[in-house]
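Asker: The following block contains the structure, expressed as structure tokens.
Taken together, the values in this text are just the output of simple stated rules run on the coordinates, not laboratory data. What you are looking at is a predicted structure, and each value in this text was computed from that prediction instead of being measured. All Cβ positions, glycine included, derive from the backbone under ideal geometry; neighbour counts span all protein chains shown.
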Amino acid sequence: MRAVQIERVGVLRSVERVQPRPGPGQVLVRVSACGICRTDLHLLDGDVEIPHTPIIPGHQIVGTVTEVGEPATDEPSLEPGMRVGIPWLGWTCGGCRYCLSGRENLCDLARFTGRDIDGGFAELTLADQRYCFALPEGHSDLELAPLLCAGLIGYRALGMTGESERLGLFGFGSSAHIVAQVARFQGRRVFAFTRPGDESTQAFALSLGAEWAGGSETTPPEELDAAIVFAPAGELVPAALRMLAKGGVVVCAGIHMSDIPSFPYDILWGERVVRSVANLTRQDAREFLELAPRVPVRTDVHSYTLEETAVALEDLRAGRFEGSAVIDLGTRT
Ligand SMILES: [Zn+2]
Ligand SMILES: [Zn+2]
């Protein structure tokens with residue numbers, strides 16, 4: 001099968017790999033679309049460690065089950081022909097204090113798709129069927145792929161803002177363009193922050209229901225009740241804190257961020273909170289994939305071929321597109 005793998009930090013290569021076979025509890029999935037995530041860039045750049053190379057990245061996978069391994073449990077198994085989504089969370093131990101308290105996203109032994117387990121920048125991929133999800137009908141594979149990380153992590157981050165009414169989104173990329181739609185559906189007001197002077201992204205945010213958009217250096221017309229920082233820039237954390245009303249929260253939604261500069265206690269005082277969001281639980285996935293078609297979430301997708309994966313990653317790095325980039329493997333007919 002054709003695949004794109006990270007051979008070592010900084011080196012991405014198109015390769016031919018032996019077609020994998022599903023083991024007990026696994027399914028073999030023919031990939032039709034796999035979204036690009038900023039985490040893929042962090043993995044390639046070495047900002048997020050890869051335990052073993054080479055690894056095939058890609059953790060926003062949509063595809064069709066082609067082969068089912070021996071059942072590992074007595075749960076009903078997936079069947080060939082089913083369309084499934086495969087997210088970042090690929091396996092958890094089920095027995096640690098995190099797993100046993102509904103926080104499998106924090107499992108010490110968790111294995112992640114496209115970091116620990118070969119992912120979706122390939123014609124075929126293996127997945128533990130307990131971590132595969134049914135997808136809403138009526139949307140193409142390409143449109144659905146960004147829901148599997150940008151949407152899911154964004155949804156989890158949004159949940160951590162509680163009942164916030166005035167929501168700031170810092171970094172208006174793949175995740176924020178989905179979260180803005182969900183937030184509006186929930187009756188929140190959205191304020192979008194982009195790189196200074198990025199007027200096209202500000203216009204994009206306004207088109208998705210943000211009531212205000214501006215550069216991250218500008219002051220919004222009102223205080224915010226919550227902010228989600230998607231951009232991997234630590235200086236945005238104190239910048240967002242300064243915009244918060246008392247009791248507000250800044251949620252850092254990325255897996256990697258540059259150092260956060262020191263800031264005066266004054267801007268945290270008043271029960272303001274800074275926190276991160278890590279990974280996802282399967283419950284998050286079930287909830288979000290049920291909610292998304294009711295919003296309904298529309299993703300703005302820019303497609304690339306498998307051979308163009310490196311181009312897509314560099315386009316993401318340079319901010320050359322709005323919305324989401326997806327690798328189109330073109331196999332669904
Ligand atoms: Zn665990
Ligand atoms: Zn991701």
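Asker: Given the alpha-carbon gyration tensor of the stretch 152-276, what are the semi-axes of its equivalent ellipsoid in whole angstrom, ordered largest first, with each equal to the square root of 5 times an eigenvalue? Numbers along the way, then the final one.
Answerer: On the way: eigenvalues 77, 49, 39 Å².
Ellipsoid half-lengths, sorted descending, are 20, 16, 14 Å.
Asker: Another question, if that's okay. By per-residue mean of other Cβ atoms within 10 Å, what is the highest-first order of 183-193, 18-28?
Answerer: Numbers: 183-193: 20.4, 18-28: 15.2.
With the highest mean Cβ count within 10 Å placed first, the list reads 183-193, 18-28.
Asker: So for 131, 155, fewest C-beta neighbours within 10 Å to most, what's the order? Before the final figure, lay out the partial values.
Answerer: Values: 131 21, 155 24.
Ascending number of Cβ neighbours within 10 Å: 131, 155.
Asker: Quick check: residue separation of residue 195 and residue 116 times 0.36 nm, minus the Cα distance between them. What number comes out in nm?
Answerer: Details: separation 79, 0.36 × 79 = 28.44 nm, distance 3.23 nm.
In short, 25.2 nm is gained.
Asker: Where does each of 73-82, 318-327 land if you order them by average Cβ count within 10 Å, highest first?
Answerer: Values: 73-82: 11.4, 318-327: 20.2.
By packing density, highest mean first, the sequence is 318-327, 73-82.
Asker: Could you calculate the contour length gain from residue 242 to residue 96, that is, 0.36 nm times the residue separation minus the distance between their Cα atoms, to one decimal place in nm?
Answerer: Values: separation 146, 0.36 × 146 = 52.56 nm, distance 3.78 nm.
Difference between extended and current length: 48.8 nm.
Asker: Count the net charge of all other residues whose Cβ sits under 12 Å from the Cβ of residue 111, scoring Lys and Arg as +1 and Asp and Glu as -1. Intermediate values should be presented prior to the final figure.
Answerer: Details: positive: 115; negative: 104, 108, 116, 118, 128.
Around residue 111, the charge tally is -4.
Asker: From the helices alone, meaning DSSP H stretches of at least four residues, give me the mean residue ellipticity at 222 nm for the chain, per-run term -39500 (n - 2.57), in deg cm²/dmol to the nearest 500.
Answerer: The per-residue figure over the chain is -5500 deg cm²/dmol.
Asker: Could you please rank 38, 13, placing first whichever residue has the fewest other Cβ atoms within 10 Å of its Cβ?
Answerer: Details: 38 25, 13 13.
Fewest-to-most ranking of 38, 13: 13, 38.
Asker: Can you say what percent of the DSSP beta bridges in the chain, counting only those with both residues inside, are antiparallel? Round to 5.
Answerer: Counting DSSP beta bridges with both partners in the chain, the antiparallel share is about 55 percent.
Asker: Next question. Work through the residues other than residue 17 whose Cβ is under 15 Å from its Cβ and net out their charges, Lys, Arg +1 and Asp, Glu -1. Working shown, then result.
Answerer: Working: positive: 2, 13, 21, 30; negative: 7, 16, 118, 123, 307.
Within the 15 Å Cβ shell, the charges total -1.
Asker: Residue by residue through the stretch 141-149, what is 3J(HN,Hα) from phi via Karplus (6.51 cos²θ - 1.76 cosθ + 1.60, θ = phi - 60°)? Round to whole Hz and write x for glycine and proline.
Answerer: 4, 4, 5, 7, 3, x, 5, 7, 9
Asker: Please turn the phi angles of the stretch 98-103 into ³J(HN,Hα) values with the Karplus equation 6.51 cos²θ - 1.76 cosθ + 1.60 (θ = phi - 60°), one per residue in order, whole Hz, x for glycine and proline.
Answerer: Ordered by residue, 3J(HN,Hα) equals 6, 4, 7, 10, x, 10 Hz.
Asker: Based on the mean of other Cβ atoms within 10 Å per residue, sort peptides 144-150, 195-201, 291-297 so the most packed one is first. Walk me through the intermediate numbers first.
Answerer: Working: 144-150: 29.4, 195-201: 14.0, 291-297: 16.7.
Going by the mean number of other Cβ atoms within 10 Å, highest first, we get 144-150, 291-297, 195-201.
Asker: Additional query: Pop out the ³J(HN,Hα) list for the stretch 299-310 in order, Karplus 6.51 cos²θ - 1.76 cosθ + 1.60 with θ = phi - 60°, rounded to Hz; leave Gly and Pro as x.
Answerer: 3J(HN,Hα) across the stretch 299-310, in whole Hz: 9, 9, 10, 10, 9, 9, 7, 4, 5, 8, 4, 5.
Asker: Can you give me the long-range amide H partners of residue 124? Hydrogens built in the peptide plane at 1.01 Å from N, cutoff under 5 Å, separation of 5 or more residues or another chain.
Answerer: 31
Asker: List the residues, sorted by chain then number, that are 5 or more residues from residue 67 or on another chain and whose placed amide H is less than 5 Å from its amide H.
Answerer: Hits under the 5 Å cutoff: 28.
Asker: Determine the sum of side-chain charges near residue 99: Lys and Arg each +1, Asp and Glu each -1, restricted to other residues whose C-beta is under 12 angstrom from that of residue 99. Walk me through the numbers before you get to the answer.
Answerer: Values: positive: 97, 103, 282; negative: 104, 108.
Result for the local shell: +1.
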